[in-house]
1. At a 10 Å Cβ-Cβ cut-off, how would you order A:85, B:172, A:159, fewest neighbours first?
2. Rounded to the nearest 500, what is chain A's calculated 222 nm mean residue ellipticity when only DSSP H runs of at least 4 contribute -39500 (n - 2.57) each, over all residues?
3. Magnitude of the Cβ-charge dipole of the protein assembly as shown, K/R +1 and D/E -1, about the Cα centre, nearest 20 debye?
4. To the nearest 20 debye, what is the magnitude of the charge dipole of region A:51-255 about its Cα centre, counting +1 on the Cβ of each Lys and Arg and -1 on the Cβ of each Asp and Glu?
5. Would you mind checking which residues have amide H under 5 Å from residue B:78's amide H? H placed 1.01 Å from N; only 5 or more apart, or other chain.
6. Quick check: from the Cα gyration tensor, does chain A come out rounded (a/c under 1.5), prolate or oblate?
7. Once phi is turned into θ = phi - 60°, what whole-Hz ³J(HN,Hα) does the Karplus curve with 6.51, -1.76 and 1.60 give for every residue of region B:228-237, x standing for Gly and Pro?
8. Please give, to one decimal in nm, the separation of the simple spin-label points placed at residue A:157 and residue A:85, each 7 Å out from Cα toward the Cβ.
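Just so it is clear, none of the values below were taken in a lab; they were calculated from the coordinates. These numbers were taken from a predicted model, which means no experiment stands behind them. Counting neighbours? That spans all protein chains shown, and the Cβs are built from the backbone with ideal geometry, glycine included.
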Amino acid sequence: MAAASPLHRSLLGAPVIGGAAVVGFLIAWWVSAKSFDPMRIPQPGDVWDAAVQLATTGYAGGTLAQHTLQSIMLAFMGFAVAAGTALPIGLAMGMSRSAEAVFGPIVAFIRPIPPLAWIPLAIIWFGLGDGAKIFVIWFTAFVPTLINTFTGVRTVDPTIIAAARVHGAGPRRMLLDVILPGAAPLIFSGLRVSLQASWMALVAAELIGAFFGLGRVLMTAAQDIFPGMIVVAMAAVAVCGATMTWLLGVVERRCLPWLKVTP
Amino acid sequence: MTMDMLAKSDLRPVRRRRGPAVGPGARLTLLSAASIAFALGLWFALAASGLLPKMLLPSPWDVAQALVKNIGVPFAGATLQQHLLASLGRFSAGFALAVAVGVPVGLMMGWFAPFRHAFAPFFETFRFIAPLAWVPFAALWFGTGIGGPILIVFSGAFAACVINTYRGARMTDERLIEACRTLGAGNWRLIVDVLLPSALPSIMAGIRVAAALGWQSLIGAELIVASSGVGYLIVQGQGSVETPIVMAGMATIGFVGLLIDLGLRQIDARIGRGWRAGA
């Protein structure tokens with residue numbers, strides 16, 4: 001058990017031990033599922049059947065591809081709206097004390113309310129359609145990007161800013177060539193938090209009321225007491241969330257080639 | 001978690017302007033006050049103008065009245081404080097469980113490589129499942145009992161506890177570990193007397209994030225399956241289009257979230273002080 005120095009990475013063992021743990025878990029599930037109530041713990045076969053059904057004939061009003069596409073599209077739209085508003089406001093707040101004084105207190109008031117608590121109000125205002133979801137995602141994803149952009153701008157090395165000014169950089173060059181690149185690492189970590197939160201908020205909003213989407217599949221499966229389908233929908237949620245985070249990481253490495261990004 | 005750590009970081013001015021005759025501080029305070037006044041005024045004016053039906057946008061005054069009224073008169077089966085107590089009970093149970101399991105797991109992952117390798121694939125998979133996606137299983141496994149909400153709060157709060165503990169443990173100064181090894185400390189002593197204290201600031205930051213996520217997940221879960229709690233209160237308010245109740249509930253949720261964070265920050269500060277005094 002006690003390796004010579006466990007804090008040193010022993011990467012060699014990682015895939016083997018990890019793989020063994022996963023295989024062990026699957027075998028344990030396979031063996032033990034039969035002794036549980038199938039209405040509570042699905043058997044691996046049930047999950048497979050549910051996955052096939054969802055992928056081919058469809059469930060809860062659509063196939064896996066349709067539900068997934070709808071959810072991903074909505075999440076991206078909400079995320080785009082949030083990033084598109086939070087970035088400019090965050091930059092303004094970072095660069096001007098006055099803008100900070102104007103927007104700061106409003107953000108401070110809204111921030112403590114958990115984004116998911118906006119869902120009932122969003123339903124009253126926008127109904128069960130896409131508008132309500134985009135609204136909720138906007139509230140969820142806005143704050144992380146805003147705060148990180150603001151902090152990113154504020155932590156740009158003042159010497160660099162002074163140097164740029166001495167060399168005669170105008171506001172435009174200052175923003176594009178000095179502030180944005182300097183703040184970019186923090187902005188990206190804000191975007192990453194925002195994207196994950198967007199996805200979470202969307203699934204929540206779809207669970208509470210939707211006509212379509214992965215959350216809808218989850219809720220329908222819960223009402224039908226179809227545990228196999230619940231597992232499939234949860235897996236789809238996880239795969240989409242992981243893929244989105246991974247994609248943003250790729251974009252980040254493209255945009256910031258000078259940084260060694262640690263995911 | 002990044003943002004909360006960042007929020008504490010030192011904010012330096014980007015540039016110093018030659019201020020106007022009024023002190024810059026006073027001018028900024030004035031701007032902030034004007035901003036809040038404008039937002040509130042806009043809300044009042046919109047609500048009073050009748051452009052939007054009262055059902056959609058009640059005035060701040062209506063919301064305050066709904067809040068006060070709900071303390072005495074039950075809505076959705078209970079008064080505001082009863083709903084709040086129900087929510088807080090569930091939150092505490094799930095949160096305590098997440099901390100009690102998450103911190104040791106994080107320490108183990110930081111210390112024992114085999115444990116880390118075995119646990120990581122599951123952790124990386126489950127991390128991406130939105131906490132509320134557990135609601136269907138919570139309902140199947142526990143019905144409407146306390147187990148369901150605990151599972152949801154746990155799934156919301158667990159990851160932040162594990163990740164921050166793990167990172168804190170990994171950042172422990174190698175020299176400290178080697179020194180303790182040389183002096184003959186075993187695994188147990190190393191974990192409890194070296195890793196835990198050195199990871200504590202990171203752990204506390206993680207616990208604060210976990211509390212916020214857990215509280216939010218609970219509210220979300222109460223929107224879907226519950227027969228009490230503040231989440232249930234606001235979703236019932238939505239069902240009967242009692243918008244003032246919904247907004248009053250939201251304000252309560254936000255306020256309690258702030259109090260939870262304040263309490264944790266207090267604990268953090270106290271631990272920090274005790275540490276310095278002991279050292």
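1. A:159, A:85, B:172
2. On the way: 10 runs with 189 residues, N = 263.
Taken over chain A, the calculation gives -24500 deg cm²/dmol.
3. On the way: 37 positive and 22 negative charges, 388 e Å.
For this selection, approximately 1860 debye.
4. Working: 11 positive and 7 negative charges, 107 e Å.
Rounded to the nearest 20 debye, it is 520 debye.
5. When sequence neighbours closer than 5 places are left aside, there are no close amide H contacts.
6. Cα axes put chain A in the oblate bin.
7. Karplus values, whole Hz, x for Gly and Pro: 6, x, 5, x, 4, 4, 6, 6, 5, x.
8. If labels sit at residue A:157 and residue A:85, their model points lie 3.6 nm apart.
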